[in-house]
1. Could you count how many residues in region 216-248 are crowded, with 17+ Cβ neighbours inside 10 Å and hydrophobic (A, V, I, L, M, F, W, C)?
2. Filter region 204-235 down to the residues that are of a type in the set (S, T, N, Q) and touching a residue at least 12 places away in the same chain (Cβ under 8 Å) and list them by number.
3. Taking region 236-256 as the region of interest, how many residues are in contact with a strand residue (DSSP E or B) (Cβ under 7 Å, 6 or more places away or on another chain), touching a residue at least 12 places away in the same chain (Cβ under 8 Å) and closer than 15 Å to residue 186 by Cα?
4. Given the conditions (1) under 15 Å from the mean Cα position of the chain (by Cα); (2) on the phi > 0 side of the Ramachandran plot, which single one is not true for residue 103?
5. Does residue 58 qualify as being of a type in the set (Phe, Trp, Tyr), at pLDDT 95 or above and within 15 Å of the chain's Cα centre (by Cα)?
6. Residues of region 157-171 being without any contact (Cβ under 8 Å) to a residue 24 or more places away in the chain and open to solvent by 50 Å² or more (accessible area, probe 1.4 Å), which ones?
7. Kindly indicate the residue of region 249-272 that is among the basic types (Lys, Arg) and loosely packed, with under 15 Cβ neighbours inside 10 Å and also farthest from the chain's Cα centre (by Cα) among those meeting that condition.
8. Among the numbered criteria (1) farther than 22 Å from residue 270 by Cα; (2) touching a residue at least 60 places away in the same chain (Cβ under 8 Å); (3) touching a strand residue (DSSP E or B) at 6+ places or on another chain (Cβ under 8 Å), which one does residue 147 miss?
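The values are calculated or read from the model by the stated rules, or taken from the named source; none is laboratory data. Here the structure is a predicted model, which means the values were calculated and not measured. Here Cβ is always computed from backbone atoms with ideal geometry, including for glycine, and neighbour counts include all displayed protein chains. Protein only, heavy atoms only, side chains kept; ligands, DNA and RNA dropped before computing areas. Shrake-Rupley method; radii C 1.70, N 1.55, O 1.52, S 1.80 Å.
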Amino acid sequence: MKTLFTDVHLKGVHTRMITPQHAPENGEPESFLPGERTNVEGKPVSNHILLSLPETEYHLLRPVLNFVHLPHHASLHEPGERIEFAYFPNRGLVSIVVAMREGKTVEVGVTGSEGVVGTPAFVKLNRSPHRAIVQIAGDGLRIRADALQTVLPSTPQLQFMASRHGVIQGMQAAQSAACNRLHGIQQRLARWLLIMQDRTNEGLLRITHDFLATMLGTDRPSVSLAAGILQTKGTIEYTRGAVRVLNRKKLEEYACECYGLIQQFNGALGLR
């Protein structure tokens, strides 16, 4: 496929715009590389959905995308409260959590740079029963829910990408529900660490046992026991406030079948 390259300067940031002459054979537009797009503040974009949009759609979105830091444990929206923004993470990881009245919680989904947080806003749902909380600090871009509704009729690829991400996240939630009910804590911990690494692409995951217990819907002693077994087998190394993956292939062997079922959709999400 023949491609045109155009050098442009945006607020001192040199970028190379890629203009494909026609769509690839699979019918989807080519994605820009991280840093080849910026928002109006000149902040680089690394979110897969935003990088995959055609230039006409991103041109409409760009003025209403605001850069935002995503600090550790920050709540992006709470159960039952109005969803004010949709977030496109560049770095870091956001957990979608079910919180029960008595205080117990369990994670049902995760979103990193491959997706978007606040998908109900895409279909004019202004509330969600789930909590979205930052589990690994990072940054991203956000858009107000009302501004999103204004641009959506003119951004069909954005609608498609957000819908696909939402469907895959629903599959992930269903698989997580079965996993939490049918599989042991060691298998679930291995699965969860692999999913995290897929989305952060880092060997060192900065998480505590307490937070792991919250995400897996269990208690801290159970997580400590399972992590100790995986460490003894040479798959991970646990230090204070962090877990390092030492042998990913072996960790995959200790994970339950649920990881493989979820992993098969990594390509559709832009994950390696």
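1. Selection size over region 216-248: 8.
2. First, pick out the residues of region 204-235 that are of a type in the set (S, T, N, Q): 208, 214, 218, 222, 224, 231-232, 235.
If the condition is that a residue be of a type in the set (S, T, N, Q) and touching a residue at least 12 places away in the same chain (Cβ under 8 Å), then 208, 214, 218, 222, 224, 235 are the ones that fit.
3. Here is the first cut: in region 236-256, the residues in contact with a strand residue (DSSP E or B) (Cβ under 7 Å, 6 or more places away or on another chain) are 236-237, 242-246, 251.
Now narrow it down to the ones that are touching a residue at least 12 places away in the same chain (Cβ under 8 Å): 236, 242-246, 251.
With the extra rule that they be closer than 15 Å to residue 186 by Cα, the set shrinks to 236, 243, 245, 251.
So the count comes out to 4.
4. Every condition holds for residue 103 apart from (1).
5. On the way: of a type in the set (Phe, Trp, Tyr): yes; at pLDDT 95 or above: yes; within 15 Å of the chain's Cα centre (by Cα): no.
It is false that residue 58 is of a type in the set (Phe, Trp, Tyr), at pLDDT 95 or above and within 15 Å of the chain's Cα centre (by Cα).
6. First, pick out the residues of region 157-171 that are without any contact (Cβ under 8 Å) to a residue 24 or more places away in the chain: 160, 167, 170.
Within region 157-171, 160, 167 qualify.
7. Of region 249-272, the ones among the basic types (Lys, Arg) are 249-250, 272.
Then drop every residue that is not loosely packed, with under 15 Cβ neighbours inside 10 Å, which leaves 249, 272.
On the way: 249: 22, 272: 13 Å.
Restricting to residues being among the basic types (Lys, Arg) and loosely packed, with under 15 Cβ neighbours inside 10 Å, the top hit is 249.
8. Every condition holds for residue 147 apart from (3).
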